[in-house]
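Remarks on the structure that follows.
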């Protein structure tokens, strides 16, 4: 895993010095080497920069940028099945100078062009310049594990693994996209393909971008879509057979993630997903798998004892570390640097901590993210299964009448209930759902922190809702069921733009390669076609995955309330972070950008400290934006 950066400058105002500065900002992503390629092609300047974290073929011969037969490339990620592809290419007459997956990409592209991507199992952000076709090709992996940002304006195409690299180019404009600010406050992240800056984009997962040097035009194409598999008939298969085949696919995909020339470990939280990864890897390994867990002194949030028990049962080489509140709090000032776009998922803090722990012993760590999106693990799937049908069963005239009545009676006028935490937001959400009780509306209401009404009260200027995959209607009616709809949406939004971004930046902050075993394309392509009741069975989430885990770990050891990576944000805001809140959400700080109405921010903060604890996430989201702005605009 590495960091990449570069540009195509049709104005010829760039330089190798600019490219070097861009690339140096990504040193934390690749401490083992830096390389640049700077040339003039077809009347424009081309710059390709690379920071290397050596994982496969540790020799200097595998350094990047890499060149072959008129192709010039920088690449961030791993192609796990590169050896098989290499053998196929050798049979076709190709000769190789290294044992790296990077060289395989170059030869595969020259042999098969776009069809080469279909063979790649892995995570990748790839930039290729082809002298023969005079085009730049940028490719992002199917799930969006590896980040890729680009800016295109006034003859300048600038790209990088992180925004901080783009900011080093003098042509990059740091104008804030106010629509993206509003979207961040709703979801806690900015959804692809949008970015917090104007004229800047994320290359969507599963997409290929080509830039024609002659016409100076960009073309986007999608080479892989999760809906291609949800839009297929469910498999007619019995549960025992499904369990057996699912385990086989998981085993093969997990094993690929162990391919490396450096030590590899696993993040073990004690939940089903990480226990599944660890169980299947350990059962076929003659050596002890290295596992890592972060603990906390808060028993309500601490899963470390469970992880330790699981590690002992499986026989792993386990390392745990109990972090103090101070260690966690000390990370907060650094978050805007590593997450150089506003980001509000507080579990970034323990993810950084466990990454630091793992990096002391390994260079690669497997994370068990995506089990929830692939096998139906979120609590919101419970809520929708329980309440959506009940709401939809109410006759439309009665629903409309109830919603109209609620519209005339503000929540603050409801006796007794108006004093309860969360009542006001729940009142508004119920009113919305009575008007539209669809699964899409319910999912939206469950996900938003700031509602559309909140945004209109907060933003100083009108904003437009971004066109994102949150509102996708790609799931065809003949294959529609609420669970498939929600899981497909989460796979393309929350997972790609929150979970994967969180793990990538956290691991790379300490030069650790994070790998996602559940994100092999063969797993989702199989799971999407499984009957929904195999995944959510009689109120039990992740049913089929649990049956697999129970082969290796006793059910009584695993069946307990899910905790996840959580930190006590509400308590911190009241106590340790109160001064930081008052400083950064005060009038002087807000006037640095004038994006928010001061009186509305003051009301949110005041209500929170006066007992409306349900507003803690709104305060946290606003604080995360303010700290980001302070870091990159002060």
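Values in this text are rule-based calculations from the coordinates and carry no lab data. If you're wondering where the values come from, they're calculated on a predicted model, not measured in any experiment. Here the Cβ is made from the backbone with ideal geometry for all residues, glycine too, and neighbour counts use every protein chain on show.
Summary of computed values
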item	result
Three-way shape label, the range 447-539, alpha-carbon gyration tensor, a/c 1.5	oblate
Cβ-based exposure ranking for 337, 150, 322, in which fewest neighbours within 10 Å come first	322, 337, 150
The range 99-169: relative contact order as a whole-number percent, Cα under 8 Å and 6+ apart	17 percent
Antiparallel bridges, percent of DSSP beta bridges restricted to the chain (to nearest 5)	80 percent
Contact order normalised by residue count of the range 2-224, Cα under 8 Å, 6+ apart, percent	19 percent
Approximate spin-label separation residue 329-residue 613, in nm, with each point projected 7 Å along Cα-to-Cβ	1.8 nm
The range 1-103 shape via C-alpha gyration tensor axes, a/c threshold 1.5	oblate
Three-way shape label, the range 2-224, alpha-carbon gyration tensor, a/c 1.5	prolate
Distance from the range 452-501 to the range 515-553 (C-alpha centre basis), Å	23 Å
Alpha-carbon centroids, the range 562-634 and the range 295-336: separation in whole Å	26 Å
P(r), alpha carbons of the range 342-413 - 5 Å bins starting at zero, rounded %	3, 11, 10, 11, 13, 11, 9, 10, 7, 6, 5, 4, 1
Value at 222 nm in deg cm²/dmol, rounded to 500, when DSSP H runs of n ≥ 4 in the chain each add -39,500 (n - 2.57)	-11500 deg cm²/dmol
Globularity index of the range 475-524, i.e. its alpha-carbon radius of gyration over 2.2 N^0.38 Å	1.46
Antiparallel DSSP beta bridges within the range 160-294, percent to nearest 5	70 percent
Paired Rg and Dmax values of the range 352-476, which use every Cα atom, in angstrom	19.8, 63
Where only C-alpha atoms are counted, convex hull volume of the range 276-366 per residue in Å³	116 Å³
Principal axes of the range 568-634: Cα extent on each, largest first, Å	31, 22, 16
Where Rh is the Kirkwood radius over Cα pairs, Rg/Rh for the range 165-292	1.10
Residue order, fewest to most beta carbons within 10 Å, for 21, 51	21, 51
The range 181-209 versus the range 68-99: alpha-carbon centroid distance in Å	32 Å
Average Cα contact separation per residue, the chain, under 8 Å, 6 or more apart, as relative contact order %	16 percent
Estimated FRET transfer efficiency when R0 is 45 angstrom, pair residue 413-residue 283 (beta carbons, to 0.05)	0.15
309, 373 arranged by Cβ crowding within 10 Å, fewest neighbours leading	309, 373
